1. Using per-residue counts of other Cβ atoms within 10 Å, averaged over each peptide, order 134-145, 677-688 from highest down.
2. Which aspartates and glutamates, on any chain, are close to LYS370 with Cα under 17 Å apart, when same-chain ones fewer than 8 places away are left out?
3. For the range 241-304, which GluC sites (Glu not before Pro) are both in a DSSP coil and crowded by at most 10 other Cβ atoms within 10 Å?
4. Any idea of the accessible area per residue across the chain, 1.4 Å probe, to the nearest Å²?
5. Which value at 222 nm does the chain reach when only helices count, each DSSP H run of 4 or more adding -39,500 (n - 2.57), with the total divided by all residues and rounded to the nearest 500 deg cm²/dmol?
6. Suppose every K and R has +1 on its Cβ and every D and E has -1 on its Cβ; what is the size of the dipole of the chain about the Cα centre, in Debye to the nearest 20?
7. Given PRO87, ILE43, PHE109, which one lies farthest toward the positive end of the charge dipole of the range 7-164, if we put +1 on the Cβ of every Lys and Arg and -1 on the Cβ of every Asp and Glu?
8. Give me the distance in nm between label points sitting 7 Å out from Cα along the Cα-to-Cβ direction at VAL620 and GLN361, one decimal.
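The values are calculated or read from the model by the stated rules, or taken from the named source; none is laboratory data. Since the model is a prediction, treat every value here as computed from it, not as a measurement. Don't worry about glycine lacking a Cβ; one is built from the backbone with ideal geometry, like all the others, and counts go over all protein chains shown. We work out accessible area using only protein heavy atoms, side chains counted, and drop any ligands, DNA or RNA first. Shrake-Rupley method; radii C 1.70, N 1.55, O 1.52, S 1.80 Å.
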Amino acid sequence: MCCESKRRFLLLYATQKGQAKAIAEEIWQQAGAHGLEADIHCISEMDKYNLETEKDPVVIVISTTGTGDPPDTARKFVKKIQDKTLPPDHFAHLQYGLLGLGDSEYMFFCNGGRTVDRRLQELGAQHFYDTGLADDCVGLELVVDPWIDGLWLALKEALQLRKEKEGMNNDIDAVSSSISTAPHAVHELKLSSEVQNLKLEDEGTRASDILSQKLDDINLVAPARDTEPSLVHSVPPVSQSALNIPALPPEYIEVEFQDTQGENPHLSSLISEGTTFEVPVTKAVQLTREDAIKTALLLELDTADTAFEYQPGDAFCVICPNNASEVEELLHVLGLSAKGDDFVCVKVKQDTKKKGASRPQHIPERSTLKFILTWCLEIRAIPKKAFLRALVECTGDAGEKRRLQELCSRQGASDYTRFIRDSSVCLLDLLHAFPSCKPSLSLLIEHLPKLQARSYSVSSSNLYQPGRVRFVFNVVEFPAGPSRPVPRKGICTGWLAEVVAPLLHPSKNSLDTKGESSSTEKISIFPRPNNAFHLPADPSVPLIMVGPGTGISPFIGFLQHRQKLREQHTDWEFGETWLFFGCRHQDRDYLFKQLQCFLENGTLTHLKVCFSRDSSTAEVAPPKYVQDLLRLCAKEVARVLLKEKGYFYVCGDKKHMADDVSDAVVDIISMEMEADKLEAMKILAKLREAKQYLQDVWS
């Protein structure tokens, strides 16, 4: 171990998209200012730490992925600690604090962290600091910042207690002395995402990771007449406050331009999740009419010559680039337009003050500048406060500098949420809003996260169409707004729409459109299996599928698979199948009218559809949404779900559909079982736990 035992603590992180790692690195960076040293490791690096023999306090930062799963990097660790042969005192010696990251838009909020926390408790481990659960829906920083603030005193007390237990009565070193002089801070907090539960320490107790920025230290521009705050303008009290701003993150990346030529790395080298496959796009169909509010596309990929495998209900990831015009615009703003095709060497600065600094894994050591900005960095990422703090130093105008300081300060937290986070502002938006800000390329590499591959549900069955994978998506549109000067399309969906534009032809609304166009366009994909969202192993089990809009995608695969099984196994018993589908207009965005074919051949037993924006002259208004359809079929839904132990699947938008469907099912259970709402909610919770009620949702 690299750290002195007397001041050391073990810091583990489990990350899916880099958030947990970034927060762990922030803790690691701040530790020195508190007389502590963090021994930091990814939780997957189990050869570098040993919890069975660990004597020092352990801090764990862990995210949640999928439908409540621990991140991929934590799978081996979770499997290891879930060994049922472990005794209840296995970790009785362990003192730990855990920070879980999640999104309350999803049902199993922070379940990755909760799973690890619960199991460590079952094995006898003790908290030295209460668990924090941070919510990305409202802003991780609302819990993360105060949790880190309170961590240092808790760590020091835990270290002192351990020394006392070991009978060390000699003079305590700097760790103990810093406790005696540290201002009192309450650290036993039940931290949650609810703002009213947060108890922030006084401004004066913040250590050297905060700089107090006083008004008279800067030259303020003449006050604007605007009375409303905006991205570039503040109003009292923020504009008149002394600011607590984060310490400047140390620079650690160096970029050297090279005269030599060569080839960029293969895209597969950027992916750590497994094998990637480069496959041709063989078909593209627009499923919606031109006047539909959203444009839905169906794409078919040829996987016949690959080892790509999947089950209906699985997902896969598409490796996508940033928008080419945005990359060019960023090069222009950075003054590097003429150097986009030049090769650069990225390495760690020799004199960096960042401990243990290393080149980010997603950045090649050598590639063209344009390759890094196109394939490696998420240039649309919402800037973190640490990035804003670094941008302050690159800004020449005093008024712009002050506003950036406000946006990354504690006093400007609500402005950050409103004008940065909720407005989905990205780096380009900031550079347009603050034209005197001229960051270096190395700063972008230090602060922009990895460009993530995008996940899509499979909409086909390998049994029905061997060697083919289909998927359906809406082309995402982001309108222009006060903080975003131009409209944008989704990074991946916009790119895919461009890639397949030559293949597109008017939709015949057919699942089996003939006359495929030949295509040389290829995309890179890798599998992302779903652990639970699959057809029942027993085909006699009935199922209910709820999938409005593109949420119908995996159920097309379910029905194709079930149809083939029925053809191949005529002696099998098959349970009834219900499908609830909804869209805005029957004639504009009814994605798969051929569902009628599944009805006619018996694969689909019941099809219920609704159209939320179509007008009706009927005396009784038809149902608008899928939850309304469910309520109309309450007795049948209760029978299938409760009496016949059927499976209930929901796919689609979380915020505007899945929660309403869940509420409808609770009402149905309550009504049909004559139970109160609380009891009905408990029954639904048991169905979820038994993997009988399954969701594949997005926000």
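1. Those peptides, ordered most packed to least, come out 134-145, 677-688.
2. LYS370 reaches GLU254, GLU256, ASP259, GLU263, GLU326, GLU328, GLU329, ASP341, ASP342, GLU378, GLU446.
3. Sites meeting the loop and neighbour criteria: GLU263, GLU290.
4. Result: 46 Å² of accessible area for each residue.
5. Theoretical 222 nm ellipticity from helices: -7500 deg cm²/dmol.
6. On the way: 79 positive and 98 negative charges, 97 e Å.
That gives the chain a dipole magnitude of about 460 debye.
7. Farthest along the dipole direction, towards plus: PRO87.
8. 5.8
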